[in-house]
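**Q** This is the structure, below, for whatever I ask next.
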Amino acid sequence: MQNNTNAEPTTRINEEVSNVGGLINHESENNAAPVMPLLGSGRKKRWSYGSLFFSLFFFVPLIVSRPLHIEIWIIQTLGYISFVALYIKAISQPVKAPPSYLIAMFLLSVGCSFQNPGGATIVGFIAFIVGYYNSFKTGVASISIMMIVLFILNYTVFENAHFLLSASLINSLVLFGFGAMERKETLHGLKENQQAEALRVLSAIAERERIGRDLHDVAGHALSSISLKAQLADKLIYKDRITDAHREVKALAQLSQALLSDIRQAVSDIKQLSLRDEIAKDKALLEENGLEVLATIDDKALMQLTSKQENQLALIVKELTTNTLRYSKGKTVSLSLNLNRQTLIMTYQDDGVVDNSSSIEEGNGLVGVRERAASVNADVSISFHPHPAVCVQLILDNQLPEMAAL
C-alpha cells in the first residue's frame, strides 16, 4: 500500500466523511427509548476494558511487513494510543456523547490505514459500540454507511486495498453482532429488574393495606368503646356519681390495656426483613458496581434465627455493603453464614487493601453495626489488616433437632 501524501486524497476523504455527518447516531429520544447502562460502568466495565487485548491485532500487519521505517512505527503507535483513548472516552461518556467519539475513531482508522491495514481493527470496535447503543435497524444503517464510505475510499484513495475493505467488513459484522447480543441481554435484564421492582412496590402496597386493615379491625371497635366510656365517665363525674364514674374509668383502663396488647400482637405479625432477600439484593448491587461476590449461606443457620435476629443481621449486611460501595477499593467481597454447634458465625470481608489501619476511626456505620449486634447479644470483631473484615458471632437459643439428639 502506497503512502500517499498529496492534498487531493485528504480533500476527497473529508468530502466523503462530510456525507456521513449522521454516522452512528443514537435512537431518537422518545418515551419508549431505553436508557442503556454505559459500557464503561458496572459489570460491563471489566469486559469492555479487557476486550482491548484484541485491539493488538492492529500491529499484526506492521510486524508481518518488517522491516519498516521507525517513523511509521511511531506514527502507528501514536494512532493506536489515540484509538485507545477515544474508545475509553466513548464507553464512559453519557449516551449522547459516543457518536462524536466514534466518528473520530472512524477518521483515525482511515488515517492509519494509509500505512497499516490493521486500521480495520478500529472499525470493529466502532461496530460493537454501535450495536450496543442502537436499535438493530439504526445500527445496520450506521454500519452500512461506514462500509459504503470504505468501499468508495477503497477504489478512489487506497488503490484497491481489498484486504482493508474485507477485514473491516468481517470485523464490523462479527463485533456488531456481539454488540447487538449484549444490548438484547442488557434490555432483558433491565426488563426483569423493572418487573421485580414493580412486584416489590405492589408487595409493599399490599403489606401496607394488610397492616391498615388489621389495625382498623383491632383498634376501631376498641377506640369507639373507649370514647363512649370516657364520655360516660365525664357525665357521671358531672352528676357527682363518683362510684359509677370510678367503675367506668376502671373499665376504660382495661379496654386500653387490651387494645395495647392487640396492637402489639398485630405489629409482631408484620413481615420482618428477610436476611436471605437482603443478601440477594446486596449481592446484585455489588455485582452491578463491578465487584465479584462469593456468598456461602448455611440454610440450617437461617432456620434457627428469630425474627429480631434475622432483622438485625439483615441491617448489618446492608450497612457493610454500603461501606464497601463507598470506601472499598477491592474487587471481591466474600460473605459467609455458618453454624458451629449453637453459634452462628457471619463473616463479611472484601479484598481491598488498607494502607494504614492504625489511623482508621470507626464511623457511624460500624458503630451502628456494633449496636445492632449488641441488641441481639452477638459479639462483633472488626479488623482492617490485611483486608477489611467483620465477623459477627451469635449464640442461638435453640439447637437444631439433630444436634439435640446427640
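The values are calculated or read from the model by the stated rules, or taken from the named source; none is laboratory data. Computed from a predicted structure; not experimentally measured. No Cβ is skipped: glycine too gets one built from the backbone with ideal geometry, and neighbour counts run over all protein chains shown. When the accessible area is computed, the model is the full protein with side chains, heavy atoms only, and any ligands, DNA or RNA have been set aside. Shrake-Rupley method; radii C 1.70, N 1.55, O 1.52, S 1.80 Å.
**Q** Taking residue 359 as meeting all but one of (1) under 28 Å from residue 300 (Cβ atoms); (2) among the small types (Gly, Ala, Ser); (3) modelled with pLDDT under 85, write down the number of the exception.
**A** (1)
**Q** Ok, one more. Assess whether residue 103 counts as being open to solvent by 60 Å² or more (accessible area, probe 1.4 Å) and more than 17 Å from residue 53 (Cα to Cα).
**A** For residue 103, the condition - open to solvent by 60 Å² or more (accessible area, probe 1.4 Å) and more than 17 Å from residue 53 (Cα to Cα) - is not met.
**Q** Go through region 289-339 and count every residue that is within 20 Å of residue 370 (Cβ to Cβ), acidic (Asp, Glu) and open to solvent by 50 Å² or more (accessible area, probe 1.4 Å).
**A** 1
**Q** Pairs only if they're at least six apart or on different chains, beta carbon under 8 angstrom, first in region 69-87 and closer than 25 Å to residue 103 by Cβ and in contact (Cβ under 8 Å) with a residue 12 or more places away in the chain, second in a helix (DSSP H, G or I) and open to solvent by 90 Å² or more (accessible area, probe 1.4 Å); list them, first residue then second.
**A** Matching pairs, first to second residue: none at all.
**Q** Still on this structure, please answer the following. Assess whether residue 52 counts as being open to solvent by 10 Å² or more (accessible area, probe 1.4 Å) and of a type in the set (A, V, I, L, M).
**A** The answer is yes for residue 52.
**Q** In addition: For residue 207, state whether it is open to solvent by less than 90 Å² (accessible area, probe 1.4 Å), within 28 Å of residue 39 (Cα to Cα) and not aliphatic (A, V, I, L, M).
**A** no
**Q** Related question: Go through the residues of region 187-199 one by one and say whether even a single one is touching a residue at least 24 places away in the same chain (Cβ under 8 Å) and farther than 20 Å from residue 86 by Cβ.
**A** yes
**Q** So, one more: State yes or no: is residue 80 under 29 Å from the mean Cα position of the chain (by Cα), in a helix (DSSP H, G or I) and either of a type outside the set (Lys, Arg) or within 20 Å of residue 60 (Cα to Cα) (or both)?
**A** Criteria not met by residue 80.
**Q** When you scan region 381-395, how many residues do you find that are part of a strand (DSSP E or B) and open to solvent by 30 Å² or more (accessible area, probe 1.4 Å)?
**A** The number of residues fulfilling the criteria is 5.
**Q** Test residue 183 against the criterion of being open to solvent by less than 100 Å² (accessible area, probe 1.4 Å) and under 30 Å from residue 58 (Cα atoms), and give yes or no.
**A** Against the criterion (open to solvent by less than 100 Å² (accessible area, probe 1.4 Å) and under 30 Å from residue 58 (Cα atoms)), residue 183 qualifies.
**Q** Does region 152-173 contain at least one residue that is charged (D, E, K, R) and at positive phi?
**A** yes
**Q** Now for a different question. Out of 95, 140, 149, which single residue is surrounded by 14 or more Cβ atoms within 10 Å (Cβ to Cβ) and assigned to a loop (DSSP other than H, G, I, E, B)?
**A** After applying the criteria, what remains is 95.
**Q** Of everything in region 205-220 that's hydrophobic (A, V, I, L, M, F, W, C) and at pLDDT 75 or above, which residue is nearest to residue 260 (Cα to Cα)?
**A** 219
**Q** Next question. Kindly evaluate residue 43 against the criterion of being charged (D, E, K, R) and surrounded by fewer than 13 Cβ atoms within 10 Å (Cβ to Cβ).
**A** no
**Q** Is there a residue being touching a residue at least 40 places away in the same chain (Cβ under 8 Å), closer than 30 Å to residue 274 by Cβ and in a helix (DSSP H, G or I) anywhere in region 219-238?
**A** yes
Conditions (1) hydrophobic (A, V, I, L, M, F, W, C); (2) at pLDDT below 80; (3) surrounded by 11 or more Cβ atoms within 10 Å (Cβ to Cβ), marked per residue:
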| residue | (1), (2), (3) |
| --- | --- |
| 156 | no, yes, yes |
| 169 | yes, no, yes |
| 203 | no, yes, yes |
| 235 | no, no, yes |
